[in-house]
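These notes concern the structure reproduced below.
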Amino acid sequence: MSIERYPIEPLDSSVVYKLRSSLVISTLTECVKELVQNAIDAEASSIHVSVDTEKFSIQVSDNGIGIENMSQLGRRHVSSKCHSLKDLSQLKTFGFRGEALASIMNESIVKIISRYRSSTDTFEAVWRESKLMGEISKHTRMAQSGTIVIVKDLFYKYPVRRRQASTPYQYVVMMESVKRLLTMYALCFPCIQFTLIDGTRETRVLSLKKTSSSIDTFRQIAGPEIIKYIEPLEMHEDNINIRGFFSTHGYLNKTYQYLFINNYCIPTTNDLYKVISNLFLSSFKNVLTESNHTTKQKDRRNMAKHPIFFIKLECDKWNSYDISIHLDIFDEFSEFHYIKTLLQRFTRQFLTLSGLTTEKDETVSKKRKTAHSVTESIISGDSSKNPYVRYSSSSSTMLQPTNPTVTWADPETGTVYYIDPRTGHSFLAPPATPNYPFSHASTIDRSSLKRQNSNHDNNSQRSGSHISSMTPLDNSQFGTFLSIPNRLSREDLKSAKVLGQVDCKFIAIKLDDKSILMMDQHAADERIKLESMMKSDIISRKTVVLEPYIPFDLNSAAEYEMMTNDRILEYLKIWGIHLVTTTTKPIASSISDDTIILSSSHYFSSTPNTKAYYRVYVTRLPELIVDRCITNHALIKTIIRDYVYWIVEQQYNPAIVKTNCPKGMVDILKSKACRSAIMFNDPLSLEQCQDIVDNLSKASFPFQCAHGRPSVIPLSLSLKPTVIQRTIHWDKFKL
């Protein structure tokens with residue numbers, strides 16, 4: 001079979017354009033990012049973005065300096081920002097490659113309307129596949145200089161990329177991604193006004209006015225409840241300026257975490273974010289440890305959240321070109337470790353100034369770190385690395401420890417630590433010696449025992465010979481009923497035969513292979529009741545209308561917007577939780593027959609809160625949990641808030657969200673299932689035992705109770721070997 005060979009030839013220019021364009025712009029968010037960066041480079045003070053996620057259309061308008069020569073647009077490697085290697089080494093703009101706009105024009109239909117700052121005329125033109133369609137013509141005069149870029153049918157040549165964003169929840173994810181993008185630029189450039197419009201619904205998603213500082217911009221993003229805990233901080237070292245702000249209160253997720261290097265936002269997946277978060281976590285643990293007896297549970301919950309911070313590092317010596325190409329792999333940036341050290345110092349400075357950590361905490365951490373390194377050298381057998389390590393000796397000869405005690409003296413404080421070389425654990429006091437019987441010096445007369453030694457040694461040898469001659473038992477001699485399957489399944493339970501109740505606690509069943517199983521009657525019935533209650537159709541069908549409604553105060557405008565999102569409200573309704581933004585009474589016709597109207601009672605009373613900037617109301621709850629929630633409003637608020645943030649983390653994926661009951665609700669149902677299940681010492685008939693086994697075989701997790709303990713275990717036979725006793729010669733005794 002001959003193989004046809006082709007000569008090596010350069011790719012066609014159209015193929016090269018297509019391949020390069022697909023690498024430069026691969027998502028709708030990246031397209032918006034490049035257009036917004038162009039607007040920032042054009043010195044715009046107002047940027048308006050409209051995105052239609054269903055039609056893959058984008059419009060970005062700005063009031064920048066405009067475009068002087070539109071005829072050059074669409075050509076690759078054509079730029080007004082960078083023309084030589086010298087320019088590349090001192091970049092002041094985001095754009096420098098001349099690829100972004102050309103790639104967008106190759107993947108969509110682009111219309112540009114622009115008025116240059118020194119011109120009175122406005123021009124427009126249309127490009128497709130990076131080619132100018134027709135001629136550049138005059139447009140209705142714009143009131144001021146600026147540019148409008150309209151992108152239509154993005155990725156029309158790449159159906160695969162459109163299919164990746166073909167579901168409603170993916171549209172929501174894209175819009176949230178664009179919103180996050182504009183929020184970051186607004187914080188980095190507070191002197192610019194940003195607006196985001198959802199073109200699909202024709203609604204305003206984001207509107208941030210220009211301010212004089214990043215904190216003022218953050219106030220618009222997060223709201224007054226979060227901003228009141230914000231504290232600004234600045235630090236200068238050599239040619240590096242570090243400024244930003246932290247919050248003394250945490251947040252439920254990582255939404256409010258921002259890190260910039262020379263105006264470039266570092267991706268949240270980078271380890272630099274973990275460095276800051278770990279320092280906060282460590283300081284919070286110290287605070288909780290010291291105030292364990294005085295801090296309220298509510299305060300401890302608040303401190304255990306994700307930190308809120310905005311940090312911006314600026315240095316003229318850091319090449320912006322190197323930063324831009326290393327954003328996704330910033331660990332490879334030449335100054336990464338230095339930046340990491342600066343962030344640690346900057347964060348520790350805030351924690352110290354805010355009282356979240358002290359010099360004492362730093363000393364303790366240093367001691368722990370030093371002790372840890374010393375322990376490692378001890379375990380590895382190398383004690384020469386530290387002159388303060390010595391092995392302690394014991395004067396007692398009666399009992400020797402299996403592991404010698406190791407002591408280490410801190411050269412700074414003089415504190416002596418006792419270290420176990422086997423486990424690495426350190427103690428401030430020497431470990432207590434086990435109190436073995438007769439471990440102390442004895443005064444027993446041993447002379448009468450000497451003549452027993454020879455007989456004792458012989459007996460020991462004979463006993464040892466018996467032990468060494470023992471062989472494993474063969475289970476086959478006891479019958480096949482001892483064989484246990486490797487893994488039990490629901491099918492085994494469906495075909496099992498119920499033998500009866502044992503000791504009013506267990507149900508004995510026999511499988512087809514004659515294996516005997518013992519079923520915990522309480523654990524089995526608990527699992528059955530839990531899974532029956534957790535079905536979403538049962539939870540959502542039987543709801544209770546609350547009168548009056550339970551008020552739910554939110555922390556920020558962002559949280560309010562998230563709670564009132566249409567998709568969030570629909571997901572909550574799946575599990576019988578209804579939220580509204582007003583206190584209007586429900587229409588009688590909208591109440592189903594399965595809905596119970598709960599009259600007003602003192603359990604619903606709540607103290608008016610005049611400081612509620614953002615509030616929603618809980619109008620309905622599932623009947624299964626309403627009794628717990630009406631007496632404890634904080635419980636239902638925690639359930640809702642945790643579930644909503646979990647939905648956001650799952651990116652609104654309906655396949656995951658619709659099949660997972662809120663965790664707080666599950667905990668309540670577990671408690672109810674446990675209390676209502678059959679208890680130990682409850683007698684059961686053979687029919688009742690059979691019903692439990694049949695129902696358990698239909699459960700999703702039949703072999704564990706609601707709390708994770710096993711509900712079914714197999715029986716095995718354990719026989720002790722026959723003890724061989726030597727013959728006693730009574731005639732040897734002299735009576």
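The values are calculated or read from the model by the stated rules, or taken from the named source; none is laboratory data. Quick caveat, the model's predicted, so the values are computed rather than measured. Cβ atoms come from the backbone with ideal geometry, glycine included; neighbour counts cover every protein chain shown.
Values for this structure:
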item	result
Number of positions in region 36-48 that are surrounded by fewer than 22 Cβ atoms within 10 Å (Cβ to Cβ) and either among the polar types (S, T, N, Q) or under 16 Å from ASN263 (Cα atoms) (or both)	6
Region 515-537, residues that are under 24 Å from TYR571 (Cα atoms), hydroxyl-bearing (Ser, Thr, Tyr) and touching a residue at least 12 places away in the same chain (Cβ under 8 Å)	SER536
Unique match (being hydrophobic (A, V, I, L, M, F, W, C) and at pLDDT 80 or above) among ILE728, ILE640	ILE640
Scope region 102-115; condition crowded, with 19+ Cβ neighbours inside 10 Å, at pLDDT 85 or above and hydrophobic (A, V, I, L, M, F, W, C); matching residues	ILE104, MET105, VAL110, ILE112, ILE113
Segments classed as helices (runs of 4 or more DSSP H), wholly inside region 617-706, with at least 3 members that are more than 29 Å from the chain's Cα centre (by Cα)	663-676, 686-696
Qualifying position, being at pLDDT 90 or above and not basic (Lys, Arg), among TYR185, TYR158	TYR185
Qualifying residue in region 158-176 (condition: closer than 16 Å to SER61 by Cα and either of a type in the set (Ser, Thr, Tyr) or surrounded by fewer than 18 Cβ atoms within 10 Å (Cβ to Cβ) (or both))	no
Criterion (closer than 29 Å to THR195 by Cα, modelled with pLDDT of 85 or more and outside the structural domain of SER556 (by TED's automatic domain parsing)) met by exactly one of ASN278, ASN253, ASN270	ASN270
Flag for ALA186 being over 30 Å from LYS254 (Cβ atoms) and in contact with a helix residue (DSSP H, G or I) (Cβ under 8 Å, 6 or more places away or on another chain)	no
Qualifying residue in region 156-172 (condition: assigned to a strand (DSSP E or B) and without any contact (Cβ under 8 Å) to a residue 12 or more places away in the chain)	no
Test: residue in region 707-715 that is more than 18 Å from PHE506 (Cβ to Cβ), hydrophobic (A, V, I, L, M, F, W, C) and modelled with pLDDT under 85	no
Breaking point among (1) over 26 Å from LEU182 (Cβ atoms); (2) modelled with pLDDT under 75; (3) among the polar types (S, T, N, Q), for SER118	(2)
Near pairs, Cβ below 7 angstrom, 6+ apart or cross-chain, from region 225-237 (in the same structural domain as TYR251 (by TED's automatic domain parsing)) to any residue that is outside any strand (DSSP E or B) and acidic (Asp, Glu)	none
Region 39-51 residues that are not assigned by TED's automatic domain parsing to the domain that holds VAL178, paired with ones that are assigned to a strand (DSSP E or B) and at pLDDT 90 or above (beta carbon under 6 Å, 6 or more apart)	none
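Per-residue answers, yes or no, for (1) over 26 Å from the mean Cα position of the chain (by Cα); (2) in a loop (DSSP other than H, G, I, E, B):
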{"site": "SER207", "(1), (2)": "yes, no"}
{"site": "HIS236", "(1), (2)": "yes, no"}
{"site": "HIS249", "(1), (2)": "no, yes"}
{"site": "THR255", "(1), (2)": "no, yes"}
{"site": "TYR258", "(1), (2)": "no, no"}
